[in-house]
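Please read the structure below before turning to the comments.
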Amino acid sequence: MIRLAIADDHQSIIDGLQLLLQNETDIEFVGTANDGKGLVELIQHKRPHIVITDIRMPNMNGIELTRFIKANYPGVKIIAFSMFDQDDAIQQMIEAGVSGYILKNSTLQEVLKAVQQVYLGETYFDPQINVEDKSSSKHEKTLLTNRQYEILKLIGEGKTTSEIAEELFIGVYTVSTHRKNMARILGLKGKGELLRYAMERKYDF
């Protein structure tokens, strides 16, 4: 059973999503929130598997919220649900750690497909938006944060997670989280894919 939470500052959006998905036998609604603070409290108490969140919300917007959730509750997967299809908005949410991005004019089938696919550990981006270029290696410098790019370079040098943590004066868990986020952002799957990717590009850094 997929435990799902929804956050949007427009209650009508929340009501509409609930109405559309309430008959799905593999989805359980664990709660809703109208702002970022409310969603954080909901996650603390209900621990959903997936959160569908708008980008523009009071008391912590979707980008800040995603960063906070991925840092403190890395097991929670996030799908952005927005009317904005601009590259900047999409890229910022990808950098923050979302597993999917759906436009608000999408069909129920697209929303449902996103929830099910993300639950299985995959990513899902609305067919109406183009994320192909964002996943290509030539754009990694703009896709990744400065810290992630630092870590990628060190991975390319053959350093282990522990060695990277020591060199950058950060925790091992933090490095591991960055590695998972980078693999997702760059469209890589499997444990060795990120290492192979970094090794192939170590002379390009």
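Read the figures in this text as sums done on the coordinates, not as results from a lab. Note that the structure is predicted; figures quoted are calculated from it, not measured. Neighbour counts are summed over all protein chains in view; Cβ atoms, including those assigned to glycine, are modelled from backbone coordinates with ideal geometry.
Near the amide H of residue 27, within less than 5 Å, lie the amide hydrogens of 2, all on another chain or at least 5 residues away, with H placed in the peptide plane. Using θ = phi - 60° in the Karplus curve 6.51 cos²θ - 1.76 cosθ + 1.60, the 3J(HN,Hα) couplings for the stretch 62-77 round to x, 5, 4, 4, 4, 4, 5, 5, 5, 6, 9, 9, x, x, 7, 9 Hz; x is entered for Gly and Pro. Mean residue ellipticity, 222 nm, helices only, the chain: the sum of -39500 (n - 2.57) across DSSP H runs of n ≥ 4, divided by residue count and rounded to 500, is -14500 deg cm²/dmol. Global dimensions of the chain from alpha-carbon coordinates: Rg and Dmax equal 17.2, 53 Å.
Going down the list 77/153; 46/70; 70/113; 46/189; 159/180; 77/159, which pairs span over 24 Å between their C-alpha atoms? The partial results should precede the final answer.
Values: 77/153 26 Å; 46/70 16 Å; 70/113 22 Å; 46/189 29 Å; 159/180 16 Å; 77/159 28 Å.
The answer is 77/153; 46/189; 77/159.
Close amide H partners of residue 101, meaning residues 5 or more places away or on another chain with modelled amide H under 5 Å apart, are 80, 124, 125, 126.
Spin-label model, residue 107 to residue 177: label points 7 Å out along the Cα-to-beta-carbon direction sit 3.8 nm apart. The convex hull around the C-alpha trace of the stretch 135-200, projected and averaged over every direction, spans 3.9 square nanometres.
Once both labels are positioned 7 Å from their Cα atoms along Cα-to-Cβ, the gap between residue 71 and residue 47 label points is 2.3 nm. Excluding same-chain neighbours fewer than eight residues apart, the aspartates and glutamates reachable from residue 37 by a Cα-Cα span under 17 Å are 8, 9, 54, 64.
Give, to the nearest whole percent, the P(r) tail of the stretch 31-72 beyond 12 angstrom, counting all Cα pairs. Write out the running numbers ahead of the final one.
Working: 449 of 861 pairs.
Percentage above 12 Å: 52.
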